Amino acid sequence: MRSDEVKKGHQRTPHRSLLRATGLKDEDFGKPFIGVANSFIEIIPGHFFLNKVAEIIKDEIRANGCVPFEFNTIGIDDGIAMGHDGMLYSLPSRELIASSLESVMNAHKLDAMIAIPNCDKIVPGMIMGALRVNVPTIFVSGGPMAKGYKKDGTPIDLSTAFEAVGRHEAGRISDEELLDIECNACPSGGSCSGMFTANSMNTLMEAMGIALPGNGTILAQTKEREALYREAARRICEIAKDEAACELFKFKNILNENAVKNAFAVDMAMGGSTNTVLHMLAIAHEADVNFRIKDINHISKNVSHIAKISPSLSTVHMEDINRAGGVNAVMKEMAKRSGDVLIDNLTIGGETLYEKIADARIIDEDIIHTIDNPYSNVGGLAILYGNLAEQGSVIKTAGIIGDRVFTGKAVCFDGQGEAIEGILMGKVKAGDVVVIRYEGPRGGPGMQEMLTPTSLIMGMGLGSSVALITDGRFSGATRGVSVGHVSPEAAEGGMIGLLKDGDEIHIDVDQYILDVNLSDEEIAKRKAAFVPVKKALQSRWLGQYRALVTNASSGAVLKTDL
Ligand SMILES: CC[C@H](C)C(=O)C(=O)O
Ligand SMILES: [Mg+2]
């Protein structure tokens, strides 16, 4: 056992002495030590109940002959951090989470791990940490939130609340309706109910085979979810007690190249958050898998979009996908399309992916469409390239309301704050392309999510007549012609930084194009005179992040000398 390094032999007397102080008894020193990487924190609705989840899991681990050690990572609620400079800390927190998990697991030589994430960056952060540790690991997320209902019975969620601000601002809804939405959009504990970033990542974990079926869709705080927690705990013990299984189910054996490709495929079929691109590229990097942003459109072209969920379809939420057959049913249906849509691969549950989905079926074809009746024959995400994004940019095609081709005049803002102010002051009108720059991983620094400006545009009724491009990113609740992750970013001299008000920008989603209509001479002239803005910073942590972070086209991973 890996943990024998801290618990076996005379030399480890002091180590055992310390462990005895935590409550361990003689018999415990012959058992596997399981790290329970939790992310309990009181301010996030997807996390405030995870202390109770960990108790359930630890009981089950003890009952199955292993010793659990719970520790916690931090977490940031993107919804609460949204629309102000708190969002600068969101993406950087992924690195803190990955490194804290790696540190605890490796410092104490734990044998296996069960990880309990739920929201946004906590999922990729924990996955990245687990890849560095590379012991058998099973992920079991807190689970999604139920959808809410307005007093008149309309289904709503957090994206309704964000867009309601723009609608209220434009005088389209009353104070009373705004309050109705505020009080009912988030009715329970769990990760916000749509296919936002958290649920996208929790769903992709099923495709990667690192979580058990149901992880993405079974509602939090239910008996069914408790059964999933218990099953995950039993399974990790089964592996940890068996030497051969410990070798076979090492995390990197599960999360390999096939798993990365399968994750992107399911992402395409379900219209996941644009953040999945950023996180999956970082995960691939950490897994030593050679998968690049340029490989994504190939998957997009081969996968049909068969499940539409909020924000792309406001009435459908994760609970509906669960009722309709869950992610297994989606995968079973996807695999019917010809070509290598899904690749068979080992999963943490012990079966291969194909074995896992063998008996799955769609229960409600209105919610999960069949392969003959897709929403679209291409996936819900696309990577656009052009003289404005030589290294790529990302759009959620599933969330487009108007045309998939858009040409308009640039209205430029240096930073999200300026953009929010400009939109509220009426600076943006139909036919414009809002440009928000200096919000990339380095420029922000921290690559803020732009849900407030995109929701204001939607809420003000400009969703099909205004496009938005940014070197920042979006939340999973963003819709409309919103192109993010524009790389290279302004802070590293990217073309987005050279744009001027009135420049003509051309977006063609089906041709994968993001261009500015300027001559090469004009671009060269602007480049020669360009000095990127470097923001003044108060935070030493964000300064460290800025010094190390790479751009979005490589997942905003931190540079190392490895
Ligand atoms: C509702 C949006 C959520 C808070 C988020 O941050 C995301 O999906 O990325
Ligand atoms: Mg987010």
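Secondary structure note: in the chain, about 40% of the DSSP beta bridges are antiparallel. The dipole here belongs to segment 462-562: it is taken about the Cα centre, uses +1 on the Cβ of Lys and Arg and -1 on the Cβ of Asp and Glu, and is about 700 debye.
Cβ crowding within 10 Å ranks Thr203, Thr370, Thr347 as Thr370, Thr347, Thr203, fewest other Cβ atoms first. One chain, two ends: Ser17 and Ala529. Fully extended at 0.36 nm per residue, the span grows by 177.7 nm beyond their Cα-Cα distance. Distance between the modelled labels on Asn51 and Ala227, one decimal in nanometres: 2.9 nm (7 Å Cα→Cβ projection).
As a ratio to 2.2 N^0.38 Å, the alpha-carbon radius of gyration for the chain is 0.96. When you filter the trypsin sites (Lys or Arg not before Pro) in segment 488-535 for DSSP loop state and at most 12 other Cβ atoms inside 10 Å of their Cβ, you are left with Lys500, Lys534. Only beta bridges with both residues in segment 386-554 are counted; by DSSP, about 50 percent of them are antiparallel. Among Asp120, Asp344, Asp26, a tally of other beta-carbon atoms within 10 Å of each Cβ gives an order, fewest to most, of Asp26, Asp344, Asp120.
Which of the trypsin sites (Lys or Arg not before Pro) across segment 395-476 are loop residues per DSSP, with 12 or fewer other Cβ within 10 Å? Of the trypsin sites (Lys or Arg not before Pro), the ones in loops of segment 395-476 whose Cβ has at most 12 other Cβ atoms within 10 Å are Lys429. Classified by the C-alpha gyration tensor, segment 370-410 has an oblate form. Its axis ratio a/c, with a ≥ b ≥ c, is 1.5 or above, and a/b does not exceed b/c. Spatially, segment 125-176 and segment 194-231 are offset by 15 Å when compared through their Cα centroids. Backbone N atoms of segment 82-113 closer than 14 Å to the 7 Å Cα→Cβ label point of Ile74 belong to residues 86-101. Of the residues Ala410, Asn551, Ile507, the one whose Cα sits farthest towards the positive end of the charge dipole of segment 386-554 is Asn551 (charges of +1 on Lys and Arg Cβ, -1 on Asp and Glu Cβ, taken about the Cα centre). Its DSSP H runs of at least 4 residues, each contributing -39,500 (n - 2.57), put the calculated 222 nm mean residue ellipticity of the chain at -11000 deg cm²/dmol, to the nearest 500.
No value in this document is a laboratory result; all are computed from the given coordinates. For clarity, every value in this text was computed on a predicted model and none was experimentally measured. Virtual Cβ from ideal backbone geometry, glycine too; neighbours counted across all protein chains shown.
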